[in-house]
Amino acid sequence: MSNIISQKQLSIVIPAYNEEFRIGITLREVYDVAKMTLDEFEIIVVNDGSTDGTCAKALVVANELGPEVSVISNKQIKVLGLHFIKDLSLQNSHNYLLFLVIMHIVKQA
């Protein structure tokens, strides 16, 4: 039974590109669910070269929510923050990783 993980631990990566109007609610909802269901978690927003206020909004919300939430900002687009996975796997801070992608829904006229 030593191979069974007894604690529910999760690292959640949220890549964000120009999500200024969406990132706040997304972070709050993910945080609330994680807080209710996990023993330990971290939420990492990877601002991927946004040209709007995504990074600033993410930093404000992260500060409100607490130390489980952090923001990394890239000045250039790095393909949905995928390069971050390599660095996270070296740290291996939690047992599992969830890569959450916020999708734009565009209604064509």
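The values are calculated or read from the model by the stated rules, or taken from the named source; none is laboratory data. Note that the structure is a prediction, hence the values are computed from the model and not measured. Positions of Cβ are backbone-derived with ideal geometry, glycine not excepted, and every protein chain shown enters the neighbour counts.
Some points to look at:
- Residue in the stretch 27-46 that is surrounded by fewer than 18 Cβ atoms within 10 Å (Cβ to Cβ), over 16 Å from residue 11 (Cα atoms) and either among the β-branched types (Val, Ile, Thr) or at pLDDT below 95 (or both) present: no
- Residue 49 being loosely packed, with under 12 Cβ neighbours inside 10 Å, at positive phi and modelled with pLDDT of 75 or more: no
- Residue 86, sole failed condition from (1) part of a helix (DSSP H, G or I); (2) crowded, with 19+ Cβ neighbours inside 10 Å; (3) of a type outside the set (Phe, Trp, Tyr); (4) modelled with pLDDT under 90: (2)
- When residue 42 is tested against the conditions (1) under 28 Å from residue 7 (Cβ atoms); (2) touching a helix residue (DSSP H, G or I) at 6+ places or on another chain (Cβ under 6 Å); (3) outside any helix (DSSP H, G or I), the lone failure is (2).
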